[in-house]
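Asks: Take this structure first; my questions come after.
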Amino acid sequence: MEHFDLIVIGSGPAGRRAAIQAAKLGKSVLVVERRTRLGGVSVHTGTIPSKTLRETVLNLSGWRERGFYGLSYRVKKEIEGKDLGARLQKTLDYEIEVLEHQFARNGVRTFAGEARFKDDHHLVVADQNGDEHLFGFDFAVIAVGTSPFRPSNIPFDDHTILDSDSLVAEPRVPRSLTVIGAGVIGIEYATIFSALDVPVTLIEPRESYLDFIDREIIEEFSHDLRKRGMTIRLGAKVDRVEKDAQGWAITILTDGRQIRSDMLLYAAGRMGATSDLGLETCGVVPDERGRLKVDPATFQTDVRNIYAAGDVIGFPSLASTSMEQGRIAALHAFGASMPPAPEFFPYGIYAVPEISTVGLTEQQVRAQNIPYECGVARFRETSRGHIMGLQSGMMKMIVSLETRKLLGVHIVGEGATELIHIGQAVLNLGATLDYFVENTFNYPTLAEAYKIAALDAWNRMPRTKPIAEVMDEPEIELTRRKVAGKAGA
Ligand SMILES: Cc1cc2nc3c(=O)[nH]c(=O)nc-3n(C[C@H](O)[C@H](O)[C@H](O)COP(=O)(O)OP(=O)(O)OC[C@H]3O[C@@H](n4cnc5c(N)ncnc54)[C@H](O)[C@@H]3O)c2cc1C
């Protein structure tokens, strides 16, 4: 029996980072992965495939140019499934190659097979031939992620009625699409297909969606989607799904209404992939959705030498946060010093248009009774926005009235997931809105929206110093013209 300082189950972002961090501390590390190739959901069916599909759709459809050339503009007239798939394979191959190289460079061993616990210091791994191998460990990180939830009232066939895994396995362009579940995954795919001019109906049982995002951003986003013809049915509960004689998916709602579509994506939840892990043998107890409870600072489960990280521990279920959790778990296991986790992490939703957010929403600020002011900038107020032909997109900034510190930044529109990192830096460094007012931004950029939004808030806040003291004259003129009309500068 081979023994390792650390065994990691799962090679997604959490497992990968835990393994490499432990190897960098000089520990012997084994990663067990049941798929034939490394990378996890992130590389094979989640983050990378969905973002590659999105990029392909935006490029081939000419989406980014439609502001100038009209709604009928297309780079490729007939976009087919094979067009969507072509870029996917290349991207995946590259990602996996990078990962394999990273493991090899750091001396991380890998083993292909399905792992289950034998007890709290041993793991049994069944390889592809069904042969079982026993490994011992001092520490383990459970980084098994999640699988799509497939309820019994949905007759999945992975061609017409799919989950997010089967959607990317053989992508096709449907004549119409119903998406059940307005969570991040449902929203992303609904808007990606809508950008291909596929009629999309989005169904959500709750009366609102993406509740962790600032409501004003969601209002703007919903307006955008409805304007381009997407149907959003909130408060609509699905009774069942059937297939009719022509092979169309029929979604039957509890109020009797029916929606017929060429393709149906079920994206209402995921389950922790823990059912076959033999957790009962090591003392770790999953919840009813297969998720594991951990100490949020160390990622230790109730069994002190077993850690869990990534989607298997629940919110926020992002590749970005999963990596950090895996790294912290490995640092803690081997007693290495851990930097304090930043208070705020960014959230990116790669819908069309993108949404990204960091810090407190206006709803959270109100709930905490923090005196605040908001500043808003529309992308069409920036010269870059004009050049790009942007018709929509906005940034909302929330600032403390007492300290002038930035409390939150919320963006919907082109480049939101990149732009947010400026706000993230200012927020986590505890800086004030004066940073944006006093600093020079590249021109023309969408990042200028920060300055416009900051000035918009500044205009409504109690004065500490006259604006002329904090800006160059030409800059005042330029920015004032943009902010005027809106804030009455
Ligand atoms: C459609 C979609 C789009 C997404 N888009 C984004 C995005 O844009 N940005 C973002 O940050 N996040 C995104 N995510 C989320 C992101 O993919 C996850 O947060 C991330 O993959 C979680 O990483 P992980 O390490 O926890 O597990 P995973 O990536 O799920 O990997 C877990 C691995 O464990 C393996 N495994 C499971 N059980 C066993 C076992 N018993 N033995 C051996 N191996 C096992 C699995 O085969 C899998 O490879 C998206 C997810 C989906 C589904």
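The values are calculated or read from the model by the stated rules, or taken from the named source; none is laboratory data. This is a predicted model, so every value here is computed, not measured. For neighbour counting, all protein chains shown are included, and Cβ atoms are generated from backbone atoms with ideal geometry for every residue, glycine included. Note: areas computed on protein heavy atoms with side chains; ligands, DNA, RNA excluded. Shrake-Rupley method; radii C 1.70, N 1.55, O 1.52, S 1.80 Å.
Asks: Of all accessible surface on region 329-424 at a 1.4 Å probe, what whole percent is carbon and sulfur?
Replies: Numbers: 1980 of 3860 Å².
In region 329-424, the share of accessible area belonging to carbon and sulfur is 51 percent.
Asks: Can you give the relative contact order of region 73-214 as a percent, counting alpha carbon pairs under 8 Å and 6+ residues apart? Write down the numbers at each step before the final one.
Replies: Numbers: 119 pairs, mean separation 23.1, N = 142.
Dividing the mean separation by the residue count of region 73-214 yields 16 percent.
Asks: Right, something else. Grab the Cα-Cα distance for I252 and D83, subtract it from 0.36 nm times how many residues apart they are, and report the gain in nm with one decimal. Walk me through the intermediate numbers first.
Replies: Values: separation 169, 0.36 × 169 = 60.84 nm, distance 3.21 nm.
Taking I252 through D83 to full extension adds about 57.6 nm, to one decimal.
Asks: Quick check: convex hull over the Cα atoms of region 182-248, volume per residue in Å³, rounded to an integer?
Replies: On the way: hull volume 6.4 nm³, N = 67.
Hull volume normalised by residue count: 96 Å³.
Asks: Using Stokes-Einstein with the Kirkwood hydrodynamic radius over Cα pairs, what translational diffusion coefficient do you get for region 155-270 at 37 °C and a viscosity of 0.692 mPa s, in µm²/s rounded to a whole number? Present the calculation step by step, with values, prior to reporting the outcome.
Replies: Values: Rh = 14.2 Å.
It diffuses with D of about 231 µm²/s by this estimate.
Asks: Let me ask something additional. How about K396: which lysines have a C-alpha closer than 27 Å to its C-alpha, ignoring those fewer than 8 places off in the same chain?
Replies: Hits, sequence-local ones excluded: K51, K227, K405, K451, K465, K482, K486.
Asks: Same structure, new question: Residues with beta-carbon under 14 Å from that of K227, excluding K227: net charge, scoring Lys, Arg +1 and Asp, Glu -1? Show your work: numbers first, answer last.
Replies: Working: positive: R66, R226, R228; negative: D197, E219, E220, D224.
Every neighbour counted, the sum reads -1.
Asks: Order the peptides 65-73, 327-335 from the highest to the lowest mean number of other Cβ atoms within 10 Å of their residues. It would help to have the intermediate numbers written out before the result.
Replies: On the way: 65-73: 12.4, 327-335: 21.9.
My ranking of the peptides, most packed first, is 327-335, 65-73.
Asks: Can you tell me which of 241-247, 82-88, 50-56 comes out highest on packing, and rank the rest after it, using the mean Cβ neighbours within 10 Å?
Replies: Working: 241-247: 11.6, 82-88: 16.1, 50-56: 19.6.
Result, highest mean Cβ count within 10 Å first: 50-56, 82-88, 241-247.
Asks: Tally Lys/Arg at +1 and Asp/Glu at -1 over every other residue whose Cβ is under 14 Å from the Cβ of T321; what's the total?
Replies: Once positives and negatives cancel, what remains is 0.
Asks: Which residues does the label zone of N59 cover in region 156-191, counting backbone N under 17 Å from a point 7 Å along Cα→Cβ?
Replies: 171
Asks: I've got another one for you. Pop a pseudo-label 7 angstrom from the Cα along the beta-carbon direction at both N153 and E280 and give the gap in nm to one decimal.
Replies: 3.0
Asks: In nm, to one decimal, how far is the A104 label point from the Q128 one, both placed 7 Å along Cα→Cβ?
Replies: Inter-label distance under the simple model: 1.8 nm.
Asks: Ok, one more. Suppose the Debye formula is applied to equal point scatterers at every Cα of region 1-81; what is log10 I(q)/I(0) at q = 0.15, 0.16, 0.18, 0.21 Å⁻¹?
Replies: -0.66, -0.70, -0.78, -0.92
Asks: Let me have the relative contact order for region 182-295, percent, based on Cα pairs under 8 Å that are six or more residues apart.
Replies: Numbers: 131 pairs, mean separation 22.9, N = 114.
Reported as a whole number, the value is 20 percent.
Asks: Subtract the Cα-Cα distance of R228 and E438 from 0.36 nm times their separation in residues, and report this length gain in nm to one decimal.
Replies: Values: separation 210, 0.36 × 210 = 75.60 nm, distance 3.84 nm.
The R228-E438 span can extend by a further 71.8 nm.
Asks: Normalised by the number of residues in the chain, what is the relative contact order in percent for Cα pairs under 8 Å and 6+ residues apart? Provide the component values of the computation, followed by the final result.
Replies: On the way: 1016 pairs, mean separation 70.5, N = 489.
So the answer I get is 14 percent.
Asks: Grab the DSSP H runs of the chain that are 4 residues or longer, score each as -39,500 (n - 2.57), total them, divide by all residues and round the 222 nm result to the nearest 500 deg cm²/dmol. Before the final figure, lay out each step's value.
Replies: Working: 16 runs with 164 residues, N = 489.
-10000 deg cm²/dmol, from helical runs alone.
Asks: What does the accessible area per residue of the chain come to in Å², with a 1.4 Å probe and no ligands, DNA or RNA counted? Please list the in-between numbers first.
Replies: Numbers: 21590 Å² over 489 residues.
So the chain comes to 44 Å² accessible per residue, rounded to a whole number.
Asks: Also, I was wondering about something else. In nm, give the distance between the simple-model label positions of S337 and Q364, each being 7 Å from the Cα along the Cα-to-Cβ direction.
Replies: 2.9
Asks: When the accessible area of region 1-138 is split by element with a 1.4 Å probe, what percent falls to carbon and sulfur?
Replies: On the way: 3280 of 6720 Å².
Summing carbon and sulfur atoms, their accessible area is 49 percent of the total for region 1-138.
Asks: Between R304 and S208, what length comes free when the chain is fully extended (0.36 nm per residue of separation minus the Cα-Cα distance, one decimal in nm)? Don't skip to the answer; put the middle values down first.
Replies: Details: separation 96, 0.36 × 96 = 34.56 nm, distance 3.95 nm.
Result: 30.6 nm gained on full extension.
Asks: Please give the net charge around E95, taking every other residue with its beta carbon less than 15 angstrom from that of E95, where Lys and Arg add +1 and Asp and Glu add -1.
Replies: Details: positive: R16, R17, R35, R37, K51, R87, K90; negative: E33, E55, D93, E97, E100.
Net local charge, E95 excluded: +2.
Asks: Per residue and in cubic angstrom, what volume does the convex hull of the Cα atoms of the chain have? Walk me through the numbers before you get to the answer.
Replies: On the way: hull volume 82.7 nm³, N = 489.
Hull volume normalised by residue count: 169 Å³.
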